[in-house]
Amino acid sequence: MPTEWIILDYRHLLDRRNEKDLVREITSLYHSIVHSIDPLIYSLVEQNAWSPAPPEIDLWIEKFRKAPPLLAIAPRSPHDESDSKNAQLHPLEKTNSKTEPGFQIIGFMNLEMPAQNSPDRTGHIDLAYVASSFQRMGVAGALYKAVEDQAYEHGLIRLTVDASHIARPFFLRLGYRQLTENQIPRNGLYITNFTLEKILDSKG
């Protein structure tokens, strides 16, 4: 398993990737992550209701143009020495191809900003997913730190997130507090998640 990975902005990758190809990879990852969940936490029936298929690419392109995600990128070929060396320099310098076959997206997280000129300085973490084989390796923490840095840069004072059973402990460890437990309708079922918030400290 590769251990080298870095965080890049979605907009940076658009300089090198076709947008539909990039979003197709993200939606496929999302779908696979949902279906890798322990069925004792979310049953197979719930997983199929949550994500019966990878999301519609055009809808997620629109979503990401409003709230560009941060992406965790790692080499596809962990046992290839040249991949490892190139990853340490820059994860996209190895190839000039449009699909960047030497590297893969292993996680993503995005932040929805308040409307322009809105007095509400609350941001919402819309998506937060890491591939199952890269969980508990610091990827989610690095993505979150980058998202929270964005929040401070934009002068936000509060963050919210609707977290699954799996994600809730992660956000609680980061200083979030639970506001509500929710039952979200998805394809004929109700899926449980939790709304949490964090009040950001002032940074001088």
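Every read-out reported here was derived from the displayed coordinates using simple, explicitly stated rules and does not represent laboratory data. Predicted model only: the values in this text are computed from it and were never measured. Note that each Cβ is placed from the backbone with ideal geometry, even for glycine, and that neighbours are counted across all protein chains shown.
Using Cα-Cα distances under 8 Å and only pairs 6 or more residues apart, what relative contact order does the chain have, in percent? Spell out each step's value before the answer.
Values: 323 pairs, mean separation 40.4, N = 204.
Relative contact order, the chain: 20 percent.
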Quiz item: At q = 0.09, 0.12, 0.16, 0.18 Å⁻¹, what is the log10 ratio I(q)/I(0) for the chain, with the Debye formula run over Cα points and no solvent?
Solution: -0.36, -0.66, -1.16, -1.40
Quiz prompt | Top of Ile105, Ile41, Ile125 by mean-square fluctuation, Gaussian network on the chain, Cα under 10 Å | solution = Ile41
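Just give me a number: lysine pairs in the chain, eight or more positions apart or cross-chain, with C-alpha atoms less than 21 Å apart. Walk me through the intermediate numbers first.
On the way: Lys20/Lys63; Lys20/Lys66; Lys20/Lys98; Lys66/Lys145; Lys85/Lys94; Lys85/Lys98; Lys145/Lys198; Lys145/Lys203.
Value for the chain: 8.
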Practice problem: Mind telling me which of Leu14, Leu22, Leu143 comes out most flexible in a GNM of the chain, alpha-carbon contacts under 10 Å? | Solution: Leu14
Quiz item: What value, in deg cm²/dmol to 500, does the helix sum -39500 (n - 2.57) over DSSP H runs of n ≥ 4 give at 222 nm once divided by the residues of the chain?
Solution: -9500 deg cm²/dmol
Practice problem: Return the distance in nm (one decimal) between the two label points of a simple spin-label model at Asp21 and Asp120, each offset 7 Å from Cα along Cα→Cβ. | Solution: 3.9
Quiz prompt | Ile166 versus Arg76: modelled label distance in nm, points set 7 Å from Cα along the beta carbon direction | solution = 2.3
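Cβ neighbours within 10 Å, averaged per peptide: list 113-119, 167-173 in order, most packed at the top.
Ranked by mean Cβ neighbours within 10 Å, highest first: 167-173, 113-119.
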